[in-house]
Each structure stands twice: as structure tokens, then as C-alpha cells.
1. Check whether at least one residue in the stretch 13-35 is outside any helix (DSSP H, G or I), surrounded by fewer than 15 Cβ atoms within 10 Å (Cβ to Cβ) and not hydrophobic (A, V, I, L, M, F, W, C), and report yes or no.
2. Scan the stretch 68-93 for residues that are among the hydroxyl-bearing types (Ser, Thr, Tyr) and either assigned to a helix (DSSP H, G or I) or surrounded by fewer than 16 Cβ atoms within 10 Å (Cβ to Cβ) (or both) and jot them down.
3. Could you grab me the full set of residues in the stretch 36-67 that are farther than 23 Å from Arg103 by Cα and assigned to a helix (DSSP H, G or I)?
4. Working carefully through the options Leu54, Leu22, find the one that is within 25 Å of Glu106 (Cα to Cα) and without any contact (Cβ under 8 Å) to a residue 40 or more places away in the chain.
5. Consider Pro38 against the criteria (1) surrounded by 15 or more Cβ atoms within 10 Å (Cβ to Cβ); (2) at pLDDT below 80; (3) not hydrophobic (A, V, I, L, M, F, W, C): it satisfies all of them except one. Which criterion is unmet?
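The values are calculated or read from the model by the stated rules, or taken from the named source; none is laboratory data. Here the structure is a predicted model, which is why all the values come from computation and not from measurement. Every residue, glycine as well, gets a Cβ built from its backbone with ideal geometry; the counts of neighbours run over all protein chains shown.
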Amino acid sequence: MEALFRECANAVALALEAVSVLILAIGTLESLYRLVAPMFAHVDTHGVRRAAWLLLARWLVLSLEFMLAADIVRSAIAPSWDDIGQLAAIAVIRTFLNYFLERDLEEAAQLKDAAETLAETP
């Protein structure tokens with residue numbers, strides 16, 4: 001029975017990893033398009049790199065969440081201490097990445113709100 005659960009967990013983890021890669025690929029393509037298209041259209045590119053980075057950061061945060069979920073599912077069935085240690089290390093690294101990405105996204109949103117408020121003020 002445990003072998004069946006382990007196989008199911010591996011299949012679910014593989015599906016979550018595939019979704020994560022797909023999310024990251026979509027985000028990368030969209031960010032690249034947003035970065036390159038204005039250059040070919042000869043449009044003012046002020047802030048375009050920052051906007052493309054923020055867009056990619058949003059996709060990356062989502063992708064990291066799916067990767068972490070895959071790691072948790074993979075180690076959920078009778079994990080060894082080695083598996084738990086690896087999961088803990090991966091979770092800490094990904095949590096720090098998510099924290100700093102989320103902080104940058106919030107900071108960018110606050111700057112955008114402040115700029116919009118200043119633009120509306122007569």
C-alpha cells in the first residue's frame with residue numbers, strides 16, 4: 001500500500017513540477033515580450049525594464065510555490081531524516097526567495113501608488 005501511495009505522490013509531484021516549469025516559461029516569455037516589443041516599436045522605454053522585472057517576479061513567486069508544493073508532496077510518504085533535512089533546506093531557500101520577491105513587489109506597488117497620487121495632485 002505504501003508503494004502505491006509513493007507512486008501517486010511522485011506522480012502528483014511531477015505534475016506540480018511540470019506546472020511550475022510551465023508557469024515560469026509563460027512568465028519569461030511574457031516578460032521578454034514586454035521588454036523587447038517597445039524597443040522595436042521605437043517607444044519610450046523608461047520604466048520598461050522595471051515593469052518587465054516585476055512581471056517576471058510575480059510569475060517566479062507563483063512558480064516557486066508550486067515547486068515547494070512538489071517537494072512537500074514528494075517527501076510526505078515515510079520520509080527519512082535525510083529527506084526531511086533536504087526539504088527543510090529547500091523550503092528555507094525558496095521561502096527567502098519568495099520573501100524578498102514579495103517585498104520588492106510590495107515596494108514597487110507602493111512607489112506606483114505614490115507616483116499616481118503625486119500625478120493627480122494639482
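1. There is no residue in the stretch 13-35 that is outside any helix (DSSP H, G or I), surrounded by fewer than 15 Cβ atoms within 10 Å (Cβ to Cβ) and not hydrophobic (A, V, I, L, M, F, W, C).
2. Residue satisfying the conditions is Ser80 alone.
3. Of everything in the stretch 36-67, those that are farther than 23 Å from Arg103 by Cα and assigned to a helix (DSSP H, G or I) turn out to be Val36, Ala37, Pro38, Met39, Phe40.
4. Going through Leu54, Leu22 in turn, just one is within 25 Å of Glu106 (Cα to Cα) and without any contact (Cβ under 8 Å) to a residue 40 or more places away in the chain: Leu22.
5. It is condition (2) that Pro38 fails.
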